[in-house]
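What follows is one structure encoded as structure tokens, with my remarks underneath.
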Amino acid sequence: STSGIPNLTESNVVFDYNKTKWTNQDISVAIRETTGSGYKLQYSIEDPNSEDTWRDYTEPLIISENREIYVRLSDGVSAGKYTKEAIKIIDKLQPNDFTPETTSTSNSITITGFTVDKEETETNGSSGIEKYYFRIKEGENWGEWLPKEGQEGTSYTFDGLIQNRQYTLQMKAVDRAGNEK
């Protein structure tokens, strides 16, 4: 940049997210530059090479999908070189379908199943399966999801059941962003 406007780099821009771990929610991203130059901070979330996409930064950005955010300094006429931040913590996709299977004894039923998280796309990450939960229905009422904190294991046994009675079982997979299947 010949205009004397500082070029932004990874070392002089701070991106503050309101979430730091995998999430299935929109995130808020605050941006500040640390050059102390007094120039206007601008951002683009589209094509940084098109002047039409640049906006003055005035408040945190609400980001709903993984993408790159470009930032630069401007005097209103000219601009310094931009730097970028890649947002990679959003995963709004449910895990893949799966079909659990059961085995039973005279007084227990074991349910077993396994799945993987949906593949990463341009706009959503693949956070990976974190836990499985299981529940049983006797008559009209579903029991609680068990175990309470979930488990990494893909199998769970319900004991103390009554022979020749009908039970319905469910299993769910939850990824690290909180999406369920």
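So the values come out like this:
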item	result
Any hit, segment 87-99, residues being more than 23 Å from the chain's Cα centre (by Cα) and closer than 23 Å to Glu149 by Cα	yes
Extreme residue, most open to solvent (accessible area, probe 1.4 Å), among residues of segment 98-114 that are farther than 30 Å from Thr20 by Cβ and part of a loop (DSSP other than H, G, I, E, B)	Thr99
Residue satisfying all of: in segment 126-153; assigned to a strand (DSSP E or B) and among the acidic types (Asp, Glu); nearest to Gly178 (Cα to Cα) among these	Glu130
Among the candidates Thr123, Thr83, residue that is within 30 Å of Asp52 (Cβ to Cβ) and in contact with a helix residue (DSSP H, G or I) (Cβ under 8 Å, 6 or more places away or on another chain)	Thr83
Qualifying residue in segment 116-127 (condition: farther than 27 Å from Thr23 by Cα, open to solvent by 30 Å² or more (accessible area, probe 1.4 Å) and out of contact with any Cys (no Cβ under 9 Å at 6 or more places or on another chain))	no
Top-ranked residue of segment 135-181 - restricted to ones that are more than 22 Å from the chain's Cα centre (by Cα) and at positive phi, ranked as modelled with the lowest pLDDT	Gly139
Unique residue being open to solvent by 40 Å² or more (accessible area, probe 1.4 Å), more than 16 Å from Val174 (Cβ to Cβ) and at pLDDT 95 or above when the list is Lys131, Lys81	Lys81
Sole exception among (1) under 30 Å from Pro6 (Cα atoms); (2) assigned to a loop (DSSP other than H, G, I, E, B) for Asp52, by number	(2)
Filter pass, Leu161 being touching a Ser or Thr at 6+ places or on another chain (Cβ under 9 Å) and within 18 Å of Asp97 (Cβ to Cβ)	no
Among the candidates Tyr156, Tyr70, residue that is under 30 Å from Pro6 (Cα atoms), without any contact (Cβ under 8 Å) to a residue 60 or more places away in the chain and either open to solvent by 40 Å² or more (accessible area, probe 1.4 Å) or not polar (S, T, N, Q) (or both)	Tyr70
Unique match (being open to solvent by less than 30 Å² (accessible area, probe 1.4 Å), of a type in the set (Asp, Glu), in contact with a strand residue (DSSP E or B) (Cβ under 8 Å, 6 or more places away or on another chain) and in contact (Cβ under 8 Å) with a residue 40 or more places away in the chain) among Asp175, Asp75	Asp175
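The values are calculated or read from the model by the stated rules, or taken from the named source; none is laboratory data. Computed from a predicted structure; not experimentally measured. Here the Cβ is made from the backbone with ideal geometry for all residues, glycine too, and neighbour counts use every protein chain on show. Areas reflect the complete protein model, heavy atoms only, side chains present, ligands, DNA and RNA absent. Shrake-Rupley method; radii C 1.70, N 1.55, O 1.52, S 1.80 Å.
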